[in-house]
Amino acid sequence: MPTDHSGVAVPPPLLYAVPLAVGLLLHRARPIALMPRGAAVPLGVLLVVLSLALLASAMISFRRARTSPIPIKPTTAIVETGPYRFTRNPMYVGLAALYLGVTLWVDSLWPILFLPIALFTIQRFVIAREERYLEAKFGDQYRGYKARVRRWL
């Protein structure tokens, strides 16, 4: 009997946290500022707050639909409300925005250099698997949603 989940092996937040942590460790060893600190910190704080709001909204949408956001658990519904009206992946957009917010907040170039690795990994090993799973499970309903709503923004 096939498993009823996407087959994503690593928790997606970890795929953002590891490259961010590497960048922050490099920043401690050899700081390289992104921009003047007076601009970086308020922009970073604002982006962190906005990203947390997006993540919270996405989680609330999942709870209301009574389905799990955890990729190793079965999905019981296609969520099309809240931020899912504008992006199929608001949690991953939110995590990327959080990554950028933290990067600005600490005013460091290093994490920016690792962000493409996180985004590639999320796209290739998480989103691609989730989309295959959702299309196999929900068929035309998911294909219609995919046609209407962008993957990222």
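The values are calculated or read from the model by the stated rules, or taken from the named source; none is laboratory data. The model shown is predicted, which means the values in this text are computed figures rather than measured ones. FYI the Cβ positions are ideal-geometry reconstructions off the backbone, even for glycines, and counts take in every protein chain you see. Each accessible area value is taken on the protein alone, full model and side chains, heavy atoms only, with ligands, DNA and RNA left out. Shrake-Rupley method; radii C 1.70, N 1.55, O 1.52, S 1.80 Å.
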Using R₀ = 41 Å, calculate the FRET efficiency as 1/(1 + (r/R₀)^6) where r is the Cβ-Cβ separation of Val41 and Arg143; round to 0.05. 0.40
With -39,500 (n - 2.57) per DSSP H segment of 4 or more residues and division by the full residue count of the chain, the 222 nm estimate, nearest 500 deg cm²/dmol, is -20500 deg cm²/dmol
Dipole magnitude of the chain about its Cα centre (Cβ charges: Lys, Arg +1; Asp, Glu -1), debye to nearest 20: 180
Taking the Cα centre of segment 32-89 as origin and charging only Cβ (+1 Lys, Arg; -1 Asp, Glu), how large is the dipole, in debye to the nearest 20? 180
Theoretical FRET efficiency, 1/(1+(r/R0)^6), r = Cβ-Cβ of Arg151 and Arg30, R0 30 Å, to 0.05: 0.30
Charge dipole of the chain built from unit charges on the beta carbon (Lys, Arg +1; Asp, Glu -1), centred at mean Cα; most positive-end Cα among Ala9, Thr75, Val126 is Thr75
Show Phe125, Phe86 ordered by accessible area, largest first, where the area counts protein heavy atoms only and the probe is 1.4 Å. Phe86, Phe125
What do you get for the angle between helix 110-121 and the principal long axis of the chain? Use alpha-carbon atoms, 0 to 90 degrees, nearest ten. 10
Quick one: if the Förster radius is 22 Å, what FRET efficiency do Ala53 and Ile112 give, using the C-beta to C-beta distance and rounding to 0.05? 0.45
